[in-house]
Amino acid sequence: MIHNFNYHRATTAQEAFSLLEKFKEDYKVICGGQSLLILMRQGLVAPENLIDIKGIKEMSYINYDPKEGLKIGSTTTHREIEKSPQINKYYPVLTEMEENLASVQTRNWGTIGGNLAHGDPSSDPAPILIAMNATVKLASKEKERSLPLEDFFIDIFETALGEDELLTEIQVPILPKNSAVAYEKFNIIKNYQGIVSVAVSITMDKDGAGCKDARIVLGAAAATPLRAKEAEKILSGKKIDTKLLTKVGDKASEECDPVSDIHATETYRRALIKALTIKITNTAWEQAKATG
Ligand SMILES: Cc1cc2nc3c(=O)[nH]c(=O)nc-3n(C[C@H](O)[C@H](O)[C@H](O)COP(=O)(O)OP(=O)(O)OC[C@H]3O[C@@H](n4cnc5c(N)ncnc54)[C@H](O)[C@@H]3O)c2cc1C
């Protein structure tokens with residue numbers, strides 16, 4: 001049963017910031033409610049005040065600029081991202097990810113900001129956005145700050161958001177030349193959170209012969225989305241072959257820190273991380289080569 005609460009609806013960011021300040025002691029922000037309402041119904045969260053930001057139009061947008069890259073307002077829904085022609089053109093991996101995230105109903109109402117602010121290690125957008133070196137903008141009444149998305153996640157369901165802050169924008173830089181990003185989640189229930197997931201971005205060197213830069217990000221493989229930095233180092237300056245891919249997969253499965261739960265054991269998750277890292281690194285490599 002959901003406990004009683006006072007409902008406050010903000011229609012502008014400034015209105016929301018004032019409400020956050022006013023109810024500092026006991027509030028929860030609600031946007032699409034797709035994650036929060038589950039916790040409230042289970043009695044795990046029982047805020048005195050609910051501050052609804054879904055109606056803040058100024059925080060719902062998708063802007064692409066060939067120099068600055070992509071900016072997504074935090075109250076933008078999954079469905080809007082999925083259907084954006086610009087995202088499909090310049091960041092097709094995001095379109096594909098959204099098509100496989102939850103049901104249409106959830107995508108119609110759930111937002112990208114809510115997904116990230118929830119801090120679920122099995123989030124689909126998080127590993128891809130980290131692989132693309134995304135940053136997030138956090139704002140309060142008095143100040144605004146940006147931080148790399150990979151530093152936003154602190155622990156399971158815990159983020160760097162201060163108690164008077166909203167996540168307002170997600171910024172994705174232009175992908176470097178000769179690069180590609182690939183993503184896959186392994187799940188048992190279609191369009192549900194993955195048992196594990198892997199996102200890989202690869203940038204080829206000038207001659208298109210070797211790997212100049214790689215980012216490997218693992219989902220549901222630790223308390224937060226995790227960069228497999230040692231595995232990334234193995235790729236640096238190298239040309240990919242089966243032996244190298246196996247080393248990268250082995251290292252990623254060593255670096256992760258998965259739990260055993262009702263969905264999978266730790267051992268199984270490590271094996272999945274190895275297999276998916278090999279597969280997705282190869283996919284990103286082939287796609288990056290094809291851009292040259
Ligand atoms: C059936 C189902 C299937 C799902 N499948 C998937 C899946 O396959 N992959 C996946 O990644 N996700 C999945 N999800 C999760 C879904 O993506 C998220 O529930 C949704 O994106 C959350 O957005 P929301 O706007 O509904 O957030 P809310 O539920 O309103 O809020 C979630 C949390 O974020 C905080 N918050 C929200 N917006 C902001 C903001 N702008 N600034 C600061 N804090 C904020 C809230 O206080 C709350 O703590 C699924 C959810 C359901 C119900």
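The values are calculated or read from the model by the stated rules, or taken from the named source; none is laboratory data. Being a predicted model, the structure only gives us computed values, none of them experimental. Every residue, glycine among them, receives a Cβ derived from its backbone with ideal geometry; neighbour counts consider all protein chains shown. Calculation scope for accessible area: heavy atoms of the full protein, side chains included, ligands and nucleic acids excluded. Shrake-Rupley method; radii C 1.70, N 1.55, O 1.52, S 1.80 Å.
What to note about this one:
- LYS137 vs. criteria basic (Lys, Arg), within 15 Å of SER123 (Cα to Cα) and modelled with pLDDT of 95 or more: no
- Residue within the stretch 47-54 that is open to solvent by 70 Å² or more (accessible area, probe 1.4 Å) and within 8 Å of the ligand (Cβ to nearest atom) present: no
- Beta carbons closer than 7 Å, at least 6 apart along the sequence or on distinct chains, pair a first residue in the stretch 133-147 that is charged (D, E, K, R) with a second that is part of a loop (DSSP other than H, G, I, E, B) for LYS141/ASP164.
- Yes/no for THR267 being among the β-branched types (Val, Ile, Thr), over 17 Å from VAL200 (Cβ atoms) and part of a helix (DSSP H, G or I): yes
- Put simply, of ASP164, ASP207, ASP151 the only residue that is of a type in the set (D, E, K, R) and in contact with a helix residue (DSSP H, G or I) (Cβ under 9 Å, 6 or more places away or on another chain) is ASP164.
- Within the stretch 145-183, if we keep just the residues that are modelled with pLDDT of 95 or more, acidic (Asp, Glu) and within 13 Å of the ligand (Cβ to nearest atom), the residue that is most open to solvent (accessible area, probe 1.4 Å) turns out to be GLU158.
- Scan the stretch 255-267 for residues that are touching a residue at least 60 places away in the same chain (Cβ under 8 Å) and open to solvent by 60 Å² or more (accessible area, probe 1.4 Å) and the total you get is 1.
- Elements of type strands (runs of 3 or more DSSP E) in the stretch 1-90, at least 2 residues being among the aliphatic types (A, V, I, L, M) and in contact (Cβ under 8 Å) with a residue 60 or more places away in the chain: 69-73
- Looking across the stretch 94-117, the residues that are touching a helix residue (DSSP H, G or I) at 6+ places or on another chain (Cβ under 8 Å), surrounded by 16 or more Cβ atoms within 10 Å (Cβ to Cβ) and not hydroxyl-bearing (Ser, Thr, Tyr) come down to LEU94, MET97, GLU98, LEU101, ALA102, ARG107, GLY110, ILE112, GLY113, GLY114, ASN115, LEU116.
- All positions within the stretch 184-213 that are farther than 18 Å from ALA126 by Cβ and more than 14 Å from the ligand (Cβ to nearest atom): ILE202, THR203, MET204, ASP205, LYS206, ASP207, GLY208, ALA209, GLY210, CYS211, LYS212, ASP213
- When each of LEU235, LEU218, LEU226 is tested for being over 19 Å from the mean Cα position of the chain (by Cα) and surrounded by 15 or more Cβ atoms within 10 Å (Cβ to Cβ), the lone residue that passes is LEU235.
- Taken over the stretch 55-76, residues that are under 18 Å from LEU20 (Cα atoms), open to solvent by 20 Å² or more (accessible area, probe 1.4 Å) and among the β-branched types (Val, Ile, Thr) amount to 0.
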